[in-house]
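The values are calculated or read from the model by the stated rules, or taken from the named source; none is laboratory data. All values derive from a computational prediction rather than experimental measurement. Virtual Cβ from ideal backbone geometry, glycine too; neighbours counted across all protein chains shown. Accessible surface is based on the protein model in full, side chains and every heavy atom, while ligands, DNA and RNA are left aside. Shrake-Rupley method; radii C 1.70, N 1.55, O 1.52, S 1.80 Å.
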Amino acid sequence: MAGCGDWLLRPLSVIDNIFEHNGSDSDWQQLAIQFFEDKLQEDDSMMQVPSLNDIPLHLLQTDCLVRFRCMVQDMFDPEFYPGVYEVLDPNTQEKVLKSGKYRDVVECAQNNLQSERNFTADRQTLYCIPIPGEAAWVKEKFSQLGQSHTSPSTSHCEVRNKRSLDEEGSTQAAVEGSLCRNVKRHEQPTPTGINAGSTTKLPLDLNFPLPKEKGPACLVKVYDNWDAFKVNDVVELFGILSMDPAMSLLEDESDETDARAALKMSEEDRCHHPPASLVPRVHLLFTQKLRHINPLLPRNPHKEPMEDLSAVRAELLGFLTHATLGDKLAAECLIFHLLSSVYARHDVTPMGKFTLNLIGCPNSNYSQELYGILQQLVPTSFRLPMTLEMMNGQRFCPRKDYSANRLLAGILQLASGSLLMIDETELQAGQLDVTGVQNITALGNAVTWQKVDYDFDFHQMEFPCNLNIIITSEGKSLLPSDCQVRLKPQVVLANFNEYFEALRSSLSPALLDKFRVYLTLTRLMEYNIDDSISKIVEEDFVEMRRLEPDNITGENLHMLLTVARLLSLSVGQSSLTSQRWQRTKELEFSRRARPHEDEHMAVGGIICCAE
């Protein structure tokens with residue numbers, strides 16, 4: 001049906017072939033999807049598909065097969081398109097049917113608009129962005145994997161000349177709610193970024209949740225199973241790339257009349273029809289939700305043999321003990337934090353979360369250096385300094401913009417499993433305004449309930465999240481937390497930068513990769529408690545309540561069970577043993593024996609709020 005490279009470089013030819021041989025009344029769509037799924041299941045075939053995460057858009061030709069590792073940031077309204085339409089074959093003068101599926105613009109010079117065989121269908125549009133806070137090591141290793149598997153014929157489909165945004169034309173004509181063009185057209189080069197020599201006065205906001213994020217955003221056209229997608233899903237998409245200039249509604253400002261017309265365009269049109277050269281369209285063929293984005297692991301990691309995880313844990317514990325300035329208990333709690341995940345929800349209570357508050361952090365330099373260490377271990381992360389500028393000037397919760405009919409991203413719109421460091425060592429004396437107070441509330445909700453309230457003006461909608469939140473502070477945090485540990489440094493440092501630079505240099509790339517694999521594997525493990533161990537836990541808790549009736553509550557039991565789970569997983573055990581339960585009680589006793597609170601808050605804390 002198609003040559004080896006045809007399905008990669010010319011997937012629409014394959015689809016047209018299937019449509020012509022099977023007709024519009026058959027299951028040709030399922031046959032087409034199955035064809036590409038079978039191709040992608042072959043050895044290394046997925047990695048041969050060019051990735052939008054790694055290859056610049058100007059090196060790809062339109063209509064080739066691509067993949068994109070991304071997060072669903074927003075969902076737009078469904079749109080109509082010509083599912084099937086009739087044309088007159090110029091060679092045979094016969095009326096034939098064409099499919100408009102997987103296209104933005106249909107080739108219909110001889111289209112019969114009045115044909116009874118025409119069929120209008122609808123499709124959903126997702127706005128997808130690179131995964132927020134994705135670590136540099138993740139991008140680098142995925143890029144290396146792609147380069148090692150991609151053949152020369154697919155690595156750079158076609159080199160396209162760059163040009164500025166104001167040179168991109170926009171020719172369009174509506175046909176049954178879609179666009180129609182003649183077969184003959186001139187290929188036009190496209191820009192690679194917003195500032196690629198552009199003089200346009202209509203800046204394009206890619207709506208990334210985190211500041212200084214880079215990478216392409218895409219409008220993904222979904223034809224089936226719309227309900228399978230949710231906002232914030234992390235997925236890998238395989239589809240047909242479309243960068244046709246006719247899809248851009250932003251006009252060329254070199255013409256004064258067109259410039260005025262562009263300014264009169266609705267905000268919704270500008271946001272939903274950005275230049276295809278900057279926000280390409282991807283017509284979805286196949287997708288898979290990602291349980292993890294660790295490039296060092298296979299897609300089904302537990303099908304692979306695992307080495308002794310307890311030995312890796314011991315090495316990681318030693319490394320993190322140095323990172324916590326010699327405090328082994330804090331290092332143990334840090335491992336638990338890195339392995340924690342919300343695995344279930346009982347009513348509104350998230351089970352499995354382990355928000356850690358490291359108290360007694362010397363200064364912001366230490367927090368930044370510690371974050372630099374953690375950033376090298378986890379796939380996605382973000383450090384949030386609690387400065388007045390950040391708290392009063394940034395949007396934490398996403399908000400619906402009804403004029404543009406889109407969801408404005410907020411800092412807390414992060415992928416599941418992301419590490420979020422809240423750095424309170426950067427607290428400043430000053431006053432929180434209304435936005436700052438709302439952001440403090442949003443952080444508290446994320447910590448306590450693992451939820452983010454999206455603002456829809458007239459109401460708020462709860463979106464569950466699964467964030468690993470660590471709070472670094474000098475005194476006890478302003479925010480609630482599950483576990484508070486006061487640092488007990490065993491070393492006194494004159495220069496944090498030199499110490500942590502030496503610590504990073506001592507870690508070999510092989511050992512660093514081993515830590516990354518360990519943290520992902522243990523996080524994905526299943527866990528259970530046998531009835532015999534449950535009875536031991538119950539008896540021990542009753543005894544604790546008898547000895548300390550005023551200090552031991554149900555919250556203490558919940559904390560003990562959470563630590564027991566994380567301790568078991570950290571050594572590669574999927575169930576709790578009596579030995580691990582005893583060790584859990586010892587760790588909790590040691591942690592609670594340390595003082596948590598200062599007599600007064602750290603100097604410079606934010607203590608004033610808007611009325």
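Some observations on this one:
- Checking every one of the trypsin sites (Lys or Arg not before Pro) in the range 267-300 against DSSP loop status and a limit of 16 other Cβ atoms within 10 Å picks out R291, R299.
- Accessible area of the range 51-102 divided out per residue, in Å², using a probe of 1.4 angstrom: 36 Å²
- Solvent-accessible area, 1.4 Å probe, carbon plus sulfur percent, for the range 491-555: 52 percent
- In the assembled protein chains, M75 presents an accessible area of approximately 60 Å² (probe radius 1.4 Å).
- Sorted largest first by accessible area at a 1.4 angstrom probe radius, with every protein chain in place, the residues H272, H283 fall in the order H272, H283.
- Taking a ≥ b ≥ c as the square roots of the eigenvalues of the Cα gyration tensor, an a/c ratio of 1.5 or more together with a/b no larger than b/c marks the range 390-466 as oblate.
- GluC sites (Glu not before Pro) lying in DSSP loop within the range 20-88, provided at most 15 other Cβ fall within 10 Å: E42
- For the range 450-489, applying the loop criterion from DSSP together with a ceiling of 10 other beta carbons within 10 Å to the chymotrypsin sites (Phe, Trp or Tyr not before Pro) yields F458.
- Summed over the residues of the range 377-520 and divided among them, the accessible surface reaches 40 Å² per residue at a probe radius of 1.4 Å.
- Charge dipole (the range 461-567, unit charges on Cβ, about Cα centre) - positive-most of V563, L487, I533: L487
- Members of K328/K353; K95/K221; K400/K514; K214/K289 lying beyond 30 Å, as alpha-carbon distances in this model show: K400/K514
- Inter-site label distance for L317 and Q288 at 7 Å from Cα along Cβ, in nm: 3.5 nm
- Full extension of the chain segment joining E498 with E268 gains 77.7 nm, where the gain is 0.36 nm per residue of separation less the Cα-Cα distance.
- With all protein chains modelled, accessible area of E389 [1.4 Å, Å²]: 150 Å²
- Listed peptides 494-500, 13-19 by packing density, highest first (mean Cβ within 10 Å): 13-19, 494-500
- Cβ-based charge dipole, the range 295-389, positive-most Cα from T324, I335, N363: I335
- The 1.4 Å probe gives accessible areas that order H58, H558, H346, H21, largest first, as H21, H346, H558, H58.
- Rounded if a/c under 1.5, otherwise prolate or oblate - the range 1-145, Cα gyration tensor axes: prolate
- Global form of the range 382-522, assessed from the alpha-carbon gyration tensor, a/c cut-off 1.5: prolate
- Solvent-accessible area, 1.4 Å probe, carbon plus sulfur percent, for the range 403-471: 53 percent
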